[in-house]
Amino acid sequence: MAETTVAEVMAELAALEDPKMRAVNEKHGDDHGVNLGKLRALAKRLKTQQDLARELWQTDDTAARLLAMLISRPKAFERDELDVMVRQARTPKVHDWLVNYVVKKNPHSEELRLAWSADPDPVVASAGWALTTERVAKKPEGLDLAGLLDVIEVEMKAAPDRLQWAMNHCLAQIGIEHAEHRARAIDIGERLEVLKDYPTPPNCTSPFAPIWITEMVRRQQEK
């Protein structure tokens, strides 16, 4: 089978562009108009192509970068390569997919978690916190949960949006997964009131940590 070129892929992405969808996505800071279901279908057809993924990333096009992560081989990226990529990820969706679909599956994820959490760039730091939240849920051994709560208590209220969101998720995850820290996590959430008034659609759980923790624990206990 002949290798797919970047030009061919970009032409396909241009054909999938929907101006109405772009208008909706741009309200969330994502500058693309491609239906994600159709993007996933294209990725499924292309299968894993690491070289093509790297080339698509270099286009700086949001839809191309999202596709790049779906056809990449997460373990094939070098540590420094991922560090550059997280700083290049301009839009929330690209940043989110990079962390969740690539970095979490990469052997350098723990090293990057530690480096990024201390980064002065709040968006890079939010990636570090997202990786910490993953460990809180799946591999908490060795984490200083009380220390994380100390940092959240001092820094979350004044943190920029994306960093604040990531810290809040970590706070909620500690409260949900670790009963011994639950009361303190809820107390921090109640005092800081971060995302307390966040508009939440019906049948969705509020991201306000005390409500989020209480609801998820209730569901766990019902199982």
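The values are calculated or read from the model by the stated rules, or taken from the named source; none is laboratory data. Source: prediction; values computed, not measured. Neighbour counts are summed over all protein chains in view; Cβ atoms, including those assigned to glycine, are modelled from backbone coordinates with ideal geometry. For the accessible areas, the whole protein counts, side chains as well, though only heavy atoms, and no ligand, DNA or RNA atoms are used. Shrake-Rupley method; radii C 1.70, N 1.55, O 1.52, S 1.80 Å.
Near THR4: Cβ cut-off under 14 Å, other residues only, Lys/Arg at +1 and Asp/Glu at -1. The net charge is -1.
Taken per residue, the accessible surface of the chain reaches 54 Å², heavy atoms only and a 1.4 Å probe. Would you mind getting me the FRET efficiency between SER206 and THR5? Use the beta-carbon distance for r and R0 = 41 Å, nearest 0.05. Approximately 0.35, to the nearest 0.05. Against the empirical 2.2 N^0.38 Å (N residues), region 88-166 has a Cα radius of gyration ratio of 1.05. Applying a DSSP loop filter and a limit of 14 other Cβ atoms within 10 Å to the GluC sites (Glu not before Pro) in region 192-223 leaves GLU193.
Taking a sphere under 14 Å around the Cβ of MET21 and counting the other residues whose Cβ falls inside, with K and R at +1 and D and E at -1, yields a net charge of 0. Rolling a 1.4 Å probe over the protein chains gives ARG87 an accessible area of about 110 Å². Multiplying the residue separation of GLU155 and LYS38 by 0.36 nm and removing their Cα-Cα distance gives an extension gain of 38.2 nm. Working note: 222 nm ellipticity from helices only, DSSP H runs with n ≥ 4, each -39,500 (n - 2.57), summed and divided by the residues of the chain, gives -20000 deg cm²/dmol to the nearest 500. When each of the peptides 150-161, 93-104 is scored by how many other beta carbons lie within 10 Å of its residues on average, the order from highest to lowest is 93-104, 150-161. The peptide list 130-139, 56-65, put in order of mean Cβ contacts within 10 Å with the highest first, becomes 56-65, 130-139. Amide H contacts for VAL34 (H built 1.01 Å from N in the peptide plane; partners 5 or more residues away or on another chain; cut-off under 5 Å): ASP18.
Considering all different alpha carbon pairs of region 51-115, the Kirkwood hydrodynamic radius works out to 11.5 Å. Working note: Debye formula, equal point scatterers on the alpha-carbon atoms of region 56-196, no solvent; log10 I(q)/I(0) at q = 0.09, 0.21 Å⁻¹ is -0.28, -1.24.
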